[in-house]
1. Explain nothing, just the number: dipole magnitude of region 149-268 about its Cα centre with +1 on each Lys and Arg Cβ and -1 on each Asp and Glu Cβ, in debye rounded to the nearest 20.
2. Using only the Cα atoms of the chain, what semi-axes does the equivalent ellipsoid have when each is the square root of 5 times a gyration tensor eigenvalue? Give whole Å, largest first.
3. Separation of region 173-196 and region 1-63 by C-alpha centroid, Å?
4. On each of the three principal axes of the Cα atoms of region 159-289, give max minus min coordinate, whole Å, ordered largest first.
5. Just to confirm, what accessible area per residue do you get for region 43-150 at 1.4 Å probe, in whole Å²?
6. If I take all pairs of Cα atoms in region 113-175, what percentage of them are more than 13 Å from each other?
7. To the nearest 500 deg cm²/dmol, what mean residue ellipticity at 222 nm is calculated for the chain from DSSP H runs of n ≥ 4 alone, each contributing -39,500 (n - 2.57), summed and divided by the residues?
8. Connecting C-alpha atoms closer than 10 Å in a GNM of the chain, tell me which of Pro232, Pro163, Pro177 has the biggest fluctuation.
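The values are calculated or read from the model by the stated rules, or taken from the named source; none is laboratory data. Just so it is clear, the model here is predicted, and its values are computed rather than measured. Neighbour counts run over all protein chains shown; Cβ positions are idealised from the backbone, glycine included. Only protein heavy atoms, including side chains, enter the accessible area calculation; ligands, DNA and RNA are left aside. Shrake-Rupley method; radii C 1.70, N 1.55, O 1.52, S 1.80 Å.
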Amino acid sequence: LRGRVLVLDSTAEGRTLVRTDANPPALVLFAADELPAGSEAGAMFLGVEEDGVPIFAVDVPLPELAGTRMVGLRDVGHLLDDRDAGLYTTALALLNWHIRHIYSSVSGAPTEMDEAGWSRIDRDGDRVWPRTDPAMIVLVHDGVPGLEGRCLLGNNAAWPSTPGQRRFSCLAGYIEPGESAEAAVLREVREEVDVGVDDITYVGSQSWPFPGSLMLGFLATADPEHPVRVDPTEIAYARWFTRAEIGAALAGRAVDVGGGAQLVLPPPASIALFLIHRWLDGWVTTEPR
């Protein structure tokens, strides 16, 4: 194996190493001869650098290396430069796909990595390629400009609870067979909080390799006077927040959400926070702020 190699550790949820002396963080890339013998057997090709050197990813235990620290994509994805963010996201998406496709869906036979990590093949020659599951995520708002404008956020019933904190985020869900992304927005919001939405507007997308989604981000409007009725199997809490409340939480000030808990917003690496910022900054208002 010739080239630069990004090491991911599937036993540590796909974490990798970054240099501690770099600001912003920078991925640690190894030369092939710095890795354990046999690592090349599972190498996944990520592309060719501008200097003509190929770059790969492998799944092996992370070495202890001075001047580095172990991180996950959620920790540093928003801090990495475009090149490193792209490498890490692609490598993690491929790794997660391989872990979940060790058997053929056609024959049930074991599969092996092939085509430099971009497919798997079984003993009969049946081949599968990486799949990406489309999902939608939407920031529902009332269309009102200024600090009194409101957005609707939910707390997922599956999220772990932290004493004194309650995380709220945009509503999201997978796009089902036969649906458009916009139809999924309508359905998911109705199912999760029983609210109808209008003016569905596509904003942007984000690869979300946990384990292999493409998040399609939208903004949509709704009537805040309409009762919010959550589906408790999916949403534990949902409520409207003003721009003043969201701005306070982002500034590190306490925002009470009841039950002695304070508002926690999505992590910086998520498209959910991007959508919240886009609404907060007034880009979707109909009047100057």
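1. On the way: 9 positive and 15 negative charges, 124 e Å.
With Lys and Arg at +1 and Asp and Glu at -1, about 600 debye.
2. Semi-axes from the Cα gyration tensor: 39, 23, 17 Å.
3. Comparing the Cα centres of region 173-196 and region 1-63, I get a distance of 39 Å.
4. 43, 39, 32
5. Working: 5660 Å² over 108 residues.
Result: 52 Å² per residue.
6. Working: 1490 of 1953 pairs.
For region 113-175, the fraction of Cα-Cα distances above 13 Å is 76 percent.
7. Working: 5 runs with 53 residues, N = 289.
Helices in the chain give a 222 nm mean residue ellipticity of -5500 deg cm²/dmol.
8. Of the options given, Pro177 has the highest mean-square fluctuation.
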